[in-house]
Amino acid sequence: MKNICQKLNFAKLTSKKGISLIVLIITIIVVIILAVTIILTINKNNTLSSAKEAVFRQDIATMKEELEIYKANMKYNDKNPETLNADKKSDPSVQEIITSMPNKYANILKIEDGKLVYIGKNKDEYLIAKDMGLIPEGTLIDDDIFEELKPFITEWTVEDGDSITLPIWGKCNFKVDYGDGTGEYKVTSASDKNRIHTYEKAGTYTVKMTGKCELINFLTGNTVSRNKITRLVQWGDLGCKRYSFYDCANLGGTIPEPSKNSFINVTEAYDIFSGCSSLTGSIPENLFKGASKITSFGLSWGAGTFAYCKNLTGSIPEKLFEDCVNATDFCFTFYGCSGLTGKIPSNLFKNCTKATKFSGSHWNNTGGGVFEKCTGITEIGDELFSNNSLATDFTAVFKGCTGITKIPENLFRNCSSATDFAYAFSDCSGLTEKIPSKLFVDSPNVTTFTHLFDGCNSLDSIGEGLFENKDKVTDFSFAFSNCSLIREVPGNIFKNCESVTTFSNTFRNCTSLAYIPSGLFDSSINVTDFSGTFQYCSKIESVPKDLFRYNTKVTTFGDSGAWYGAFLGCTNLKEIPEDIFKYNTEVTDFTLTFFGCNNLAKIPDLSNNTKVVDIRAMFEGCNNLTGKAYPLWDNSVITQFGKCFRYCSKLSNYSDIPDDWK
C-alpha cells in the first residue's frame with residue numbers, strides 16, 4: 001500500500017513538473033519572439049547594427065590608409081595628390097587606386113581632390129562617413145537622405161482672428177500645416193483657398209509647407225501678409241525658382257543654411273531679402289551653394305539680394321557666389337548693409353565671369369552700387385573684379401563706403417569692357433592713401449567718370465596719369481569735387497583724353513589746391529563746358545598761361561541756373577593771363593565765372609569772345625579789380641548782363657558802366 005501511495009505521489013509530482021516545464025518553454029518562446037521583434041524594429045530604424053557599423057568603420061579606415069599610401073607614391077613621383085579624382089568609371093577607377101575596395105563600396109565612395117568622399121544615400125552610413133571625414137567641409141546636407149529637411153518652414157506672428165496668405169506664385173502642389181492643430185491642407189494652385197488661413201488666437205505659429213511650389217513671392221504674389229512673417233526657419237525643398245521676402249520688415253532671426261536641393265532650381269535672387277531690415281547675424285557662406293542657375297542678384301530699379309539689410313553682421317563670405325557661374329547682375333546686392341564689416345574677399349566674384357553689372361546706373365539719385373553705403377567695410381580685396389572682363393557698369397560701386405582707406409591698384413584689372421565709373425568712390429570720406437596711377441589702366445572703353453571721387457574729403461594725393469589715354473571719356477564733371485585735402489593735380493592726369501566734353505565742377509571745393517598745372521586741358525580739344533571747374537578753390541592764386549588754349553569748342557564757363565562759375569569763390573585768385581579766353585571764340589556763357597574773386601586785380605580781354613550772350617554776375621564781388629573794363633555793354637549780342645560788374649568800383653571807367661550792368 002505504501003509503495004502504491006508513493007508511486008501515485010510521484011506520478012502527481014511528475015505531472016506537475018511536466019506542466020511547469022511546458023509553461024517555462026512557452027514563456028521562453030514568447031520572450032524570444034519579443035526580442036526578435038524588438039531587434040527587427042531597431043534594425044528597421046537603424047540599418048547598421050553595431051557589428052555592421054564596426055565593420056563599416058574598419059573598412060573605411062583600411063581604404064583611407066591605402067589611399068594615403070597611393071598619394072605618398074604620387075608625391076614621391078612629383079605629382080600633386082590634391083589633384084587626384086576618381087570614381088567607379090574613371091581611368092584609373094577608384095578600385096584601381098584602392099585595390100582592396102569591394103564593389104559595394106565603389107558605388108558609394110569616390111576620390112575628390114585626393115580625399116575619400118561618401119556619395120551614398122544611406123542615412124546611417126552618411127552619419128558615420130561624416131564622423132570619419134568623408135563629407136567635404138561646406139557640403140550641404142542632403143535632403144534626399146534626411147527627409148525632415150524637405151519642408152519649407154516659416155514662423156508667423158498674428159493677433160486674434162488674423163489671417164495670413166501664403167506668398168505663393170506659379171505652379172503649386174503641396175501640403176501645409178499652419179501649426180495651430182487644425183491639421184494639413186492641400187494646396188494645388190496659387191489661387192487655392194487653402195493658401196489663406198485664419199487663426200483663432202494670437203501667437204507665433206510655425207507653418208510647414210511640404211511638396212512643390214514654383215515661387216515664394218512677397219514682391220508681387222502677396223503684400224498683405226509681409227508684416228506678419230517673422231522668421232525663416234528652414235529652406236526645405238520646394239523646387240522653387242525664386243524666393244522673395246521683399247520688404248518683409250519684421251522678418252527677424254538669422255538666415256538659415258540651405259539643404260542640398262533648396263537652391264538648385266533658383267534662377268533669380270535679386271529680392272530674396274531686399275528690405276528685410278530686421279534680419280540679424282551673418283550671411284551663411286553656403287547660402288548659394290549649388291545655385292548655378294541664378295542670373296541676377298539685383299535689379300536696377302532698387303532691389304538687391306541683401307539691400308537695406310542694415311542689421312546683418314560679420315564679413316562677406318569669400319565663397320558666397322562660388323557656384324553662381326551664370327550670374328550677370330550684382331547691382332544693389334549689398335546696398336545699405338551698414339552692419340557688414342571687415343574685408344571684401346578678393347575671390348568673391350572670381351567664378352562670376354558672366355557678370356556685366358555691378359550697379360543700377362544712377363537710379364533714383366543713387367547708383368545702386370553692389371557695395372554702396374556699406375559703411376562698416378574697411379578693406380577691398382586686391383583684384384576683386386579681375387575675372388569680370390564683361391562688366392560694363394561700376395557706377396557707385398563703393399559710394400558711401402566711409403570705412404575704406406585704400407584702393408587696391410589692381411582692383412579693376414582686366415575690366416576691359418567697363419564704360420561707367422560714375423560715383424564709384426563718391427563720399428568715401430575715409431580714403432586717405434594715394435589713388436593708384438594704374439587704377440583704370442585696363443579699362444580703355446570708359447565714357448564717364450562723373451562724381452568719381454566726389455566727397456572724398458580725406459584724400460590728399462592723386463597718382464600720375466590716372467586717366468591717361470582714356471580717349472573715350474566724355475564726362476569728368478564733379479570728379480574730384482569736395483576733395484578738400486587735395487593739394488596738387490598731376491599735369492598729365494588728362495593726357496590724351498580728347499573726347500571729353502565737360503569738366504563742370506571737376507575740382508569744385510578743392511580748398512587745399514593751390515596750383516593749376518600748365519597744359520592740364522591741352523588734350524581735351526572737344527570740351528564745351530568749364531562751368532564750376534575750380535569753384536571755391538580758395539587757395540589758388542594764379543592761372544597758368546594758355547590754360548584753355550586748345551579748348552576752342554568751349555561754350556560755357558558758367559551756369560546761372562545751377563550757380564556754377566569756373567573760378568567762382570576763388571578768393572585768393574590774384575592774377576589771370578589777360579588773353580586767357582583768346583582762343584575760346586565759341587563761348588556764349590560767362591555767367592558767374594569770377595564771382596566773389598575779391599583779390600583779382602585785372603580784368604581779362606574778352607574782345608575775341610563775340611558770341612557771348614550771358615555774362616551775368618561774371619565779376620560780381622571782384623572789388624579789387626583795377627584798370628579799364630572792356631566796353632562789353634556796347635555788344636548787342638549780350639542779352640543777359642545783370643550785376644556783371646557789381647561792387648567793381650575800383651575800375652577806372654566804373655562810372656561809364658551802365659547801371660543795369662552793376
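The values are calculated or read from the model by the stated rules, or taken from the named source; none is laboratory data. Being a predicted model, the structure only gives us computed values, none of them experimental. Cβ coordinates were reconstructed from backbone atoms using ideal geometry, including for glycine residues, and neighbour counts include every protein chain displayed. Heads up: the accessible areas ignore ligands, DNA and RNA and are worked out on the full protein's heavy atoms, side chains in. Shrake-Rupley method; radii C 1.70, N 1.55, O 1.52, S 1.80 Å.
For the stretch 619-660, the tally of residues that are out of contact with any Asp or Glu (no Cβ under 7 Å at 6 or more places or on another chain), aromatic (Phe, Trp, Tyr) and surrounded by fewer than 20 Cβ atoms within 10 Å (Cβ to Cβ) stands at 2.
Taking the stretch 86-109 as the range and being within 18 Å of Gly133 (Cβ to Cβ), touching a strand residue (DSSP E or B) at 6+ places or on another chain (Cβ under 6 Å) and not aliphatic (A, V, I, L, M) as the test, no residue passes. If you scan the stretch 303-316, which residues turn out to be open to solvent by less than 10 Å² (accessible area, probe 1.4 Å), more than 20 Å from Phe263 (Cα to Cα) and not aliphatic (A, V, I, L, M)? Across the stretch 303-316, the qualifying residue is only Cys309.
Comparison of Asp471, Asp460, Asp475 shows that the only residue that is crowded, with 20+ Cβ neighbours inside 10 Å, among the acidic types (Asp, Glu) and touching a Ser or Thr at 6+ places or on another chain (Cβ under 8 Å) is Asp475. Of all residues in the stretch 539-550, those that are assigned to a strand (DSSP E or B) have Cβ atoms under 9 Å from Cβ atoms of residues that are of a type in the set (Val, Ile, Thr), 6 or more apart or on another chain, in Ser542/Ile516; Ser542/Ile576.
The numbered conditions (1) farther than 26 Å from Val233 by Cβ; (2) crowded, with 24+ Cβ neighbours inside 10 Å are all true for Pro345 except (2). Of all residues in the stretch 447-459, none are in contact with a Lys or Arg (Cβ under 8 Å, 6 or more places away or on another chain) and of a type in the set (D, E, K, R).
Any idea how many residues of the stretch 395-407 are more than 17 Å from the chain's Cα centre (by Cα) and either open to solvent by 20 Å² or more (accessible area, probe 1.4 Å) or closer than 12 Å to Ser458 by Cβ (or both)?
Pass one, the stretch 395-407, residues more than 17 Å from the chain's Cα centre (by Cα): 405-407.
From what is left, the residues that are either open to solvent by 20 Å² or more (accessible area, probe 1.4 Å) or closer than 12 Å to Ser458 by Cβ (or both) are 405-406.
The total comes to 2.
Out of everything in the stretch 100-130 that is among the charged types (D, E, K, R) and more than 21 Å from Ile69 (Cβ to Cβ), what residue ends up being surrounded by the most Cβ atoms within 10 Å (Cβ to Cβ)? Restricting to residues being among the charged types (D, E, K, R) and more than 21 Å from Ile69 (Cβ to Cβ), the top hit is Glu125. Restricting attention to the stretch 193-236, which residues are closer than 19 Å to Gly290 by Cβ, out of contact with any helix residue (DSSP H, G or I) (no Cβ under 8 Å at 6 or more places or on another chain) and part of a loop (DSSP other than H, G, I, E, B)? Trp235 - this is the single residue of the stretch 193-236 that is closer than 19 Å to Gly290 by Cβ, out of contact with any helix residue (DSSP H, G or I) (no Cβ under 8 Å at 6 or more places or on another chain) and part of a loop (DSSP other than H, G, I, E, B). Counting only residues that are within 16 Å of Gly561 (Cβ to Cβ) and surrounded by fewer than 22 Cβ atoms within 10 Å (Cβ to Cβ), the stretch 591-613 holds 1 of them.
Taken over the stretch 169-218, the criterion of being touching a residue at least 24 places away in the same chain (Cβ under 8 Å), farther than 19 Å from Arg231 by Cβ and small (Gly, Ala, Ser) is satisfied by Gly170, Ala190, Gly211. Only residues that are part of a loop (DSSP other than H, G, I, E, B) and over 19 Å from the mean Cα position of the chain (by Cα) were counted in the stretch 411-438, giving 13. A residue that is open to solvent by 10 Å² or more (accessible area, probe 1.4 Å), touching a Ser or Thr at 6+ places or on another chain (Cβ under 9 Å), of a type in the set (Ser, Thr, Tyr) and within 22 Å of Asn388 (Cβ to Cβ) can be found somewhere in the stretch 250-270. Can you confirm whether Lys175 is of a type outside the set (Phe, Trp, Tyr), open to solvent by 50 Å² or more (accessible area, probe 1.4 Å) and outside any strand (DSSP E or B)? Judged against the criteria, Lys175 is not a match. Lys319 passes every criterion in (1) in contact with a strand residue (DSSP E or B) (Cβ under 8 Å, 6 or more places away or on another chain); (2) surrounded by fewer than 24 Cβ atoms within 10 Å (Cβ to Cβ) apart from (1). For the stretch 614-637, the tally of residues that are touching a helix residue (DSSP H, G or I) at 6+ places or on another chain (Cβ under 8 Å), more than 18 Å from Ala566 (Cβ to Cβ) and part of a loop (DSSP other than H, G, I, E, B) stands at 2.
Yes/no matrix, rows are residues, columns are (1) open to solvent by 10 Å² or more (accessible area, probe 1.4 Å); (2) hydroxyl-bearing (Ser, Thr, Tyr); (3) within 26 Å of Thr591 (Cα to Cα):
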{"position": "Arg487", "(1), (2), (3)": "yes, no, no"}
{"position": "Lys495", "(1), (2), (3)": "yes, no, no"}
{"position": "Cys510", "(1), (2), (3)": "no, no, yes"}
{"position": "Tyr515", "(1), (2), (3)": "yes, yes, yes"}
{"position": "Thr528", "(1), (2), (3)": "yes, yes, yes"}
{"position": "Gln535", "(1), (2), (3)": "no, no, yes"}
{"position": "Asp546", "(1), (2), (3)": "yes, no, yes"}
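Inclusion of Thr154 among residues that are open to solvent by 60 Å² or more (accessible area, probe 1.4 Å), polar (S, T, N, Q) and not in a loop (DSSP other than H, G, I, E, B) is not warranted.
I'd like the full set of residues that are open to solvent by 10 Å² or more (accessible area, probe 1.4 Å), within 21 Å of Asn492 (Cα to Cα) and either free of Cβ contacts under 8 Å to residues at least 12 places away in the same chain or β-branched (Val, Ile, Thr) (or both), limited to the stretch 408-457. Once the filter is applied, which keeps residues that are open to solvent by 10 Å² or more (accessible area, probe 1.4 Å), within 21 Å of Asn492 (Cα to Cα) and either free of Cβ contacts under 8 Å to residues at least 12 places away in the same chain or β-branched (Val, Ile, Thr) (or both), the stretch 408-457 yields Val441, Thr447, Thr448, Thr450.
Inspection of the stretch 507-528 identifies at least one residue that is under 20 Å from Thr395 (Cα atoms) and either without any contact (Cβ under 8 Å) to a residue 40 or more places away in the chain or not in a loop (DSSP other than H, G, I, E, B) (or both). Checked against the criterion of being buried (at least 24 other Cβ atoms within 10 Å of the Cβ), under 20 Å from Phe306 (Cβ atoms) and out of contact with any strand residue (DSSP E or B) (no Cβ under 9 Å at 6 or more places or on another chain), the candidates Cys337, Cys331, Cys374, Cys324 yield just one match: Cys324. With respect to being part of a loop (DSSP other than H, G, I, E, B), at negative phi and open to solvent by 10 Å² or more (accessible area, probe 1.4 Å), Leu390 fits the description.
For the stretch 276-302, residues that are open to solvent by less than 10 Å² (accessible area, probe 1.4 Å) and in contact (Cβ under 8 Å) with a residue 60 or more places away in the chain total 2.
Here the condition is being assigned to a loop (DSSP other than H, G, I, E, B), surrounded by fewer than 18 Cβ atoms within 10 Å (Cβ to Cβ) and over 32 Å from the mean Cα position of the chain (by Cα); of Gly239, Gly181, it holds for Gly181 alone.
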